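A short write-up of the structure that comes next.
The values are calculated or read from the model by the stated rules, or taken from the named source; none is laboratory data. Since the structure is predicted, the reported quantities are computational estimates derived from the model, not experimental observations. Backbone-built Cβ (ideal geometry, glycine too); neighbour counts: all protein chains shown. These accessible areas exclude ligands, DNA and RNA; they are computed on the full protein's heavy atoms, side chains included. Shrake-Rupley method; radii C 1.70, N 1.55, O 1.52, S 1.80 Å.
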Protein chains: 2
Amino acid sequence: MKPTLQAVADAVGVSRSTVSNAYSRPDQLSPALRTQILAAARELGYAGPNPTARSLRRGFVGAIGVLFTSQLSYAFTDPFAVRFLAGVSRAAERHGTSLLLVPLPDDPAGARQAVENAAVDGFCVYCAGDESWALDVIGDRGLPYVTTAARIGAGTDHRYVAIDERAAARSAAEHVAALGHRRVAFLGDGVLPDAPSGPLRLSTADEVPHPTTRGRLAGFQDAFAAVGVDWSAVTLLTAAGNSRAAGADAVRDLLADDAPPTAVLACSDVLALGVLDALAARDRRTAERHPVSVTGFDDIPEAAEAGLTTVRQPAEEKGRIATELLLEPPADPAAGQVLLDTELIVRTSTRPVRS
Amino acid sequence: MKPTLQAVADAVGVSRSTVSNAYSRPDQLSPALRTQILAAARELGYAGPNPTARSLRRGFVGAIGVLFTSQLSYAFTDPFAVRFLAGVSRAAERHGTSLLLVPLPDDPAGARQAVENAAVDGFCVYCAGDESWALDVIGDRGLPYVTTAARIGAGTDHRYVAIDERAAARSAAEHVAALGHRRVAFLGDGVLPDAPSGPLRLSTADEVPHPTTRGRLAGFQDAFAAVGVDWSAVTLLTAAGNSRAAGADAVRDLLADDAPPTAVLACSDVLALGVLDALAARDRRTAERHPVSVTGFDDIPEAAEAGLTTVRQPAEEKGRIATELLLEPPADPAAGQVLLDTELIVRTSTRPVRS
DNA sequence: TTGAAAGCGCTACCAG
DNA sequence: CTGGTAGCGCTTTCAA
């Protein structure tokens, strides 16, 4: 139906190679012939070589896959993920590479297939949970990949761009501890896979499966342990998702206590903003009696407006560097393992504890 | 190097077809054989059929292209575009379809090529300027597409999901006019392609090339013409981009006038927020002497916090419906032309003009 | 239930 | 500068 390269060749009376050259290697034929071929193509309604056939032949696609372990549509809901994507797309557009966003079905077999079937030259994996299965599939396919977290047990050639989660979290916790807070709560998303929203008991941060959350909780713990606050004395909260509403839900009951914590340290800004929402929803008397300091993580744009004290990590740069690492692998493997700086941004959501 | 389906077939001692069936049509061979084949594949490090080869053979890719006429990385900067993408991805993930985000180079020939080379089954075109060239290319390729604006001159089978830009804009302008405002300014992004940021003269809205902006300006004009304000009496402003900063830049000089407009109607929330920024940056005396009402367009999340009066259009639904229209074309062509409702959201940024 | 044959549409090599 | 040849890796009738 649709004309093929062959049809154009026949129409002009040349061979397929020549038509192919007209498109892909203009220097391989006379300008006149090329013009003639292109004209015939337009005539026939031939819109250029079939991309799939070309990719098969060339063994190269011109697209990289972007993998979010969570729901794809969720990625567009999370400001941090969106800024990460902005960075990815900036690097991609500089390289003329397309981005294939691959939605992963909930069932593991389907998710595996989705990764197997993606026609791409490599993957940029946004780590948001357990993605090791995906990395295995990608490895089996012989494709390169870059992640946003160091993969434990991976070789020195594993490329990633990450932050020191633990140290970053510690910086926030030290700030809060220095303000005198001792009765505190840590809030993370999905701290344990199936735990319901709210308080949770854990004997150590090591039990947390999600590496990012684990690192951050451990960092919080480090700082408070250093000032004599035992792990058993902190309230550990888990939210049912990384959203403002989930953050608010997770702390609501705790805030109604007679002696609520004087500070809540959250594993993301989105959760922290939810805590602020819950705080703002209290009646005036309770609010005055029990001021609560809050810290977040990421420093998304909304954090500034809300006056949220948080740990800034460069979202867009993370995406951009990850993509560059994928598209132009550094000769030196060490240069493929990037640790980005973080910075504690102190705003108004943290205040000295009332003595 | 990488094992192929053939290698697996050889290893097991069956034909390629059988291995193929093991992956694509499990019901076509005995479970025992299938298990054996899959085991051999794992053994050899075969990660399943090559997606590109499969696509070529099947004539189907399993991905749709998403086209932004502007910079791809810009799309992640615009809250409205992000929410649109969220809707697109929601529909795509329900269909198990991937999303190919295609960056378009600045030069027309390169952009054309990018569209020609995208390995997809169809396109979802986010209209943000002049995309007719892209629609032509897509049409030549014989691929289906959906746009976010009615294409003038297209047949009745052209699928789109849009809003009535003019009527929507009129609703905002009528509200402002009803508040008594008569000395007003209209602010759009790139009203004329090469005009510098700031005031601009135009004899009619019809001269604006960008259809969305044209429609909105015409709507503003409709409402004010109805209350006796002539087009020549309104200040027309153009911004150098759809960003907060560009919006602020565009109005800054005008606000320093002795008799600035009492209201600014912007073509997007982002621009309107920039106007609010510029307004907030004035000294107290000027601000008190010259209050300025502002309206936006889209109702992005930030608009609510800023108290911006705006016209709401359902961003996510727009993306979702567009994608569904592409993925499951309605039998009735009329059902493929969707006009979404808009709603005027009155907040605090518009007040009666001081008499 | 299995296998042989016939391409999908294109590009790269190499000889002319 | 041009054209023939030989696949890229897979799926799909169709016949056995």
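Taking a ≥ b ≥ c as the square roots of the eigenvalues of the Cα gyration tensor, an a/c ratio of 1.5 or more together with a/b no larger than b/c marks the protein assembly as shown as oblate. What is the sum of charges around B:Val353, taking Lys and Arg as +1, Asp and Glu as -1, for the other residues whose C-beta is under 11 Å from the C-beta of B:Val353? Net of charged neighbours comes to +4. Accessible surface area normalised per residue over chain B is 44 Å², counting heavy atoms of protein chains with a 1.4 Å rolling probe.
Please work out whether region B:44-115 counts as rounded, prolate or oblate from its C-alpha gyration tensor, where a ≥ b ≥ c are the square roots of the eigenvalues and a/c under 1.5 means rounded, while otherwise a/b larger than b/c means prolate and anything else oblate?
Details: a/c = 2.56, a/b = 1.48, b/c = 1.73.
It is oblate, given that a/c is not under 1.5 and a/b is not larger than b/c.
Take B:Gln6, push a point 7 Å out from Cα through the beta-carbon direction, and compare it with the same point in every other copy: 2.0 nm, smallest first. Hey, what angle do you get for helix A:79-95 against the long axis of chain A, alpha-carbon based, 0 to 90 degrees rounded to 10? Its long axis makes an angle of about 30 degrees.
Taking every residue in A:129-140 and counting other chain Cβ atoms within 10 Å of its Cβ, the average works out to 1. Looking at region B:165-314 alone, DSSP beta bridges between its own residues are antiparallel in about 15 percent of cases. Inter-chain neighbour count for B:71-78: the average number of beta-carbon atoms from partner chains within 10 Å of each residue's beta-carbon is 6. Contact order for region B:189-290, expressed relative to its length and based on alpha carbon pairs under 8 Å spaced 6+ residues apart, stands at 29 percent.
Here the spin labels are modelled as points 7 Å beyond Cα on the Cα-Cβ line, and at A:Val227 and A:Ser17 they lie 7.7 nm apart.
Fully extending the segment from A:Gln6 to A:Thr348 would add 116.3 nm, taking 0.36 nm per residue of separation and subtracting the current Cα-Cα distance. On the beta carbon distance between B:Leu33 and B:Glu328, with R0 = 35 Å, the FRET formula returns roughly 0.45.
Residue-normalised convex hull volume from the C-alpha trace of chain A: 169 Å³ per residue. The region of chain B that goes longest without hitting one of the trypsin sites (Lys or Arg not before Pro) in a DSSP loop, each with at most 13 other Cβ atoms within 10 Å, is B:1-200. Counting only alpha carbon atoms, the long axis of helix A:244-255 and the longest principal axis of chain A meet at about 10°.
State the Kirkwood hydrodynamic radius of region B:70-178 in Å, one decimal place, computed from all pairs of distinct Cα atoms.
For region B:70-178, the Kirkwood estimate is 15.7 Å.
Computed from the Cβ-Cβ distance with R0 of 30 Å, the FRET efficiency linking B:Glu288 to A:Asp283 stands at 0.30. Inter-copy label distances at B:Pro301, using a point 7 Å along Cα-to-Cβ, come to 1.0 nm with the shortest given first. For region B:165-314, the square roots of the Cα gyration tensor eigenvalues, ordered a ≥ b ≥ c, give a/c below 1.5, which places it in the rounded category. Here is how far apart the B:Asp230 label points are across copies: 8.4 nm, shortest first, using a point 7 Å from Cα toward Cβ.
Estimated from the Cβ-Cβ distance and a Förster radius of 41 angstrom, the FRET efficiency linking B:Asp130 and B:Leu44 is about 0.20. Counting Lys and Arg as +1 and Asp and Glu as -1 over every other residue whose Cβ lies under 13 Å from the Cβ of A:Ala256, the net charge comes to -1.
For chain A, the longest principal axis of the alpha carbon atoms and the long axis of helix A:211-226 meet at an angle near 30°. The helix-only estimate of mean residue ellipticity at 222 nm for chain A, built from DSSP H runs of length n ≥ 4 each weighted as -39500 (n - 2.57), is -13500 deg cm²/dmol after division by the residue total.
Please list, in order, the residues from region A:207-248 whose amide nitrogen is less than 18 Å from a point placed 7 Å along the Cα→Cβ vector of A:Arg201. Counting backbone N atoms under 18 Å from the label point, the list is A:207-208, A:230-238.
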